[in-house]
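Read through the structure below, which is laid out as structure tokens, and then see the notes.
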Amino acid sequence: MDWDDFPGWGAKISDWAAEYHRTLRDRPVRAQTQPGDIAAQLPDAPPEGPEGMQAILDDFERIVMPGMTHWQHPRFFAYFPANAAPPSMLAEMLVSTLAAQCMLWQTSPAATEMETRMLDWLRQAIGLPERFAGVIQDSASSATLAAVLTMRERALDWQGNAEGLSGMPRLRVYASAEVHSSVDRAIWVAGIGQENLVRVPVAGPLRGMDAAALEAAIAADIAAGHRPAGVVACTGGTGTGACDDLQEVIAVAKRHGLYVHVDAAWAGAAMICPEFRTLWTGVEGADSVVFNPHKWLGAQFDCSAHFVAEPDALVRTLAIQPEYLKTHGHDGLINYSEWSVPLGRRFRALKLWFLIRSYGLEGLRTRLRNHVAWSRALADRLRADPAFEIVTEPVLSLFTFRLAGQDDATQLAFVNRVNDDGRIYLTQTKVDGRMVVRFQVGQFDATEDDVRVAGDVIRELGAA
Ligand SMILES: *Cc1c(COP(=O)(O)O)cnc(C)c1O
């Protein structure tokens, strides 16, 4: 494509984007296609010659769009939100235009310096103390992997990378069953092994780790000659929003010198509102904290904010400097590729700058507070209806419910009925072995009326 043709196509796509968002409520939220429907429309072999942009865009509408689930739909109440606020999208257009590899300070000083400042803005916004330094990881999964690798190296006196794990003491990491599956994968990839991820039972309405059980598990492991390495705690677990009591968990961990990583991938965004910070009281004692601005906060995927109390431990675990990456004469500058597993890095901080400046923290807080209030109101509405029972109370904007007196198969059939209907989108999870329906609101364009429609659809199809 010629650069002279670029502005025309760019303008067309911008117009398309605005129209897409304006009319999103008219589309079914979840893709209504069958497996293989889309693949069947894509040619088996690549074209030998060039094709025109108009033909490609026409096929995008015809083939691709019917196969999309609309994550930006205001009636998306499934999983967690993945907001792409318009200022963040515009920043990403600029990032794609510059297409810089921001692995070292020198490979784009603005990207590095912007990242340092934006993560410090976020640190202040969520109320973490000044000693935390931040880095943007591509996902919470990567941040958790980096944290687990750091616990491993710290527990092995920094010899794991050099010598491998065979012949080393058996490492143990502790977490409840409410943590995300990315914790299991981090344990696998770090070579620690699933059997050494010790599941600590949960207690109480927030389904947090039982601190006495954690203490007992650590003591038993030490007595057995194993080496406890760290704890992965959660604030806002994926299933029901479980929150560990960080004050208690961190106190136990510190008594044994263990590293603590807090996964607040979803709920961390809510900490921009001081009134929600009681959910993670004690977080200032953690060694590592992750939250995803790419979920609830509006910075489009991918953008995961990873804060560490001691960056040196992370850098000592991950930094590697072959000759071609040395930045001679610039010692003391931050090279963020030494803070993460991948070398290459996109300029992700720019969208945070655009986003935070466009809304202001107060504009972002208002959105999140509304979501929480609307979700609580819907939980109350369903509670008042004998056809439903609330299984877990709202944690921020997430709660779970069941059709009262019905078995698991009926709950699943209900979720399928709702999603086939298309007006809203919900997902299921299990609580204490029983199937439940999950509801969360977090899409930036969602209104109180969208949540009312959700209540209407749930009651209408629940009665069917
Ligand atoms: C979404 C989520 C993750 C995974 O986040 P990615 O950025 O997709 O890796 C991890 N933990 C929790 C609690 C989550 O909600």
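The values are calculated or read from the model by the stated rules, or taken from the named source; none is laboratory data. Only a predicted model underlies this, so the values are computations on that prediction, with no experimental measurement involved. Every residue, glycine as well, gets a Cβ built from its backbone with ideal geometry; the counts of neighbours run over all protein chains shown. Please note that ligands, DNA and RNA were not included when accessible areas were found on the heavy atoms of the full protein model with its side chains. Shrake-Rupley method; radii C 1.70, N 1.55, O 1.52, S 1.80 Å.
Within the range 242-280, which residues are in contact with a strand residue (DSSP E or B) (Cβ under 6 Å, 6 or more places away or on another chain), within 24 Å of Val135 (Cα to Cα) and open to solvent by 20 Å² or more (accessible area, probe 1.4 Å)?
If the condition is that a residue be in contact with a strand residue (DSSP E or B) (Cβ under 6 Å, 6 or more places away or on another chain), within 24 Å of Val135 (Cα to Cα) and open to solvent by 20 Å² or more (accessible area, probe 1.4 Å), then Leu279 is the only one that fits.
Mind listing whichever residues of the range 33-71 are part of a loop (DSSP other than H, G, I, E, B) and open to solvent by less than 80 Å² (accessible area, probe 1.4 Å)?
So the first thing to find is which residues in the range 33-71 are part of a loop (DSSP other than H, G, I, E, B), and the list is 33-38, 42-52, 68-71.
The answer is Thr33, Gly36, Asp37, Ile38, Ala45, Gly49, Gly52, Thr69, His70.
If I filter the range 107-127 for residues that are touching a residue at least 60 places away in the same chain (Cβ under 8 Å) and acidic (Asp, Glu), do I get at least one hit?
yes
Residue check, Ala146 against (1) at pLDDT 95 or above; (2) on the phi < 0 side of the Ramachandran plot; (3) open to solvent by 10 Å² or more (accessible area, probe 1.4 Å), all met but one. Which one?
For Ala146, the exception is condition (3).
Considering Val290, Val283, which residue is over 15 Å from Phe80 (Cβ atoms), buried (at least 23 other Cβ atoms within 10 Å of the Cβ) and within 16 Å of the ligand (Cβ to nearest atom)?
Details: Val290 fails: over 15 Å from Phe80 (Cβ atoms).
Of the residues listed, the single one that is over 15 Å from Phe80 (Cβ atoms), buried (at least 23 other Cβ atoms within 10 Å of the Cβ) and within 16 Å of the ligand (Cβ to nearest atom) is Val283.
Could you grab the pairs with beta carbons closer than 8 Å, sequence gap of 6+ or different chains, first residue in the range 138-150 and closer than 17 Å to Pro311 by Cβ and of a type in the set (A, V, I, L, M), second one near the ligand (Cβ under 8 Å from one of its atoms) and modelled with pLDDT under 95?
Pairs found: none.
Which of the residues that make up the range 178-210 are out of contact with any helix residue (DSSP H, G or I) (no Cβ under 9 Å at 6 or more places or on another chain), loosely packed, with under 14 Cβ neighbours inside 10 Å and outside any helix (DSSP H, G or I)?
Gly204, Pro205, listed by residue number.
Of all residues in the range 110-132, which are open to solvent by less than 30 Å² (accessible area, probe 1.4 Å) and in contact with a strand residue (DSSP E or B) (Cβ under 9 Å, 6 or more places away or on another chain)? Walk me through how you get there before you give the answer.
Here is the first cut: in the range 110-132, the ones open to solvent by less than 30 Å² (accessible area, probe 1.4 Å) are 111-112, 115, 118-119, 122-123, 125-126, 128, 132.
Result: Glu115, Met118, Leu119, Leu122, Arg123, Ile126, Leu128, Phe132.
When you scan the range 293-326, how many residues do you find that are open to solvent by 10 Å² or more (accessible area, probe 1.4 Å) and among the aromatic types (Phe, Trp, Tyr)?
Total satisfying the criteria: 2.
Out of curiosity, is Gly241 closer than 27 Å to Gly433 by Cβ, assigned to a loop (DSSP other than H, G, I, E, B) and in contact with a helix residue (DSSP H, G or I) (Cβ under 8 Å, 6 or more places away or on another chain)?
Yes, satisfied.
Out of the residues in the range 245-264 that are away from the ligand (no atom under 12 Å from the Cβ) and within 21 Å of Thr317 (Cβ to Cβ), which is nearest to the chain's Cα centre (by Cα)?
The initial filter retains those residues of the range 245-264 that are away from the ligand (no atom under 12 Å from the Cβ), namely 245-260.
Now restrict to residues that are within 21 Å of Thr317 (Cβ to Cβ): 250, 253-254, 256-260.
On the way: Ile250: 22, Ala253: 25, Lys254: 27, His256: 29, Gly257: 28, Leu258: 24, Tyr259: 21, Val260: 18 Å.
Checked the range 245-264; the qualifying residue nearest to the chain's Cα centre (by Cα) is Val260.
Among residues belonging to the range 406-457 that are within 30 Å of Tyr359 (Cβ to Cβ) and aliphatic (A, V, I, L, M), point out the one that is surrounded by the fewest Cβ atoms within 10 Å (Cβ to Cβ).
Within the range 406-457, the match that is surrounded by the fewest Cβ atoms within 10 Å (Cβ to Cβ) is Val453.
Among the listed residues Ala233, Ala242, Ala267, Ala309, identify the single one that is within 21 Å of Trp121 (Cβ to Cβ) and within 16 Å of the ligand (Cβ to nearest atom). Write out each step before concluding.
Working: Ala233 fails: within 21 Å of Trp121 (Cβ to Cβ); Ala242 fails: within 21 Å of Trp121 (Cβ to Cβ); Ala309 fails: within 16 Å of the ligand (Cβ to nearest atom).
The conditions single out Ala267.
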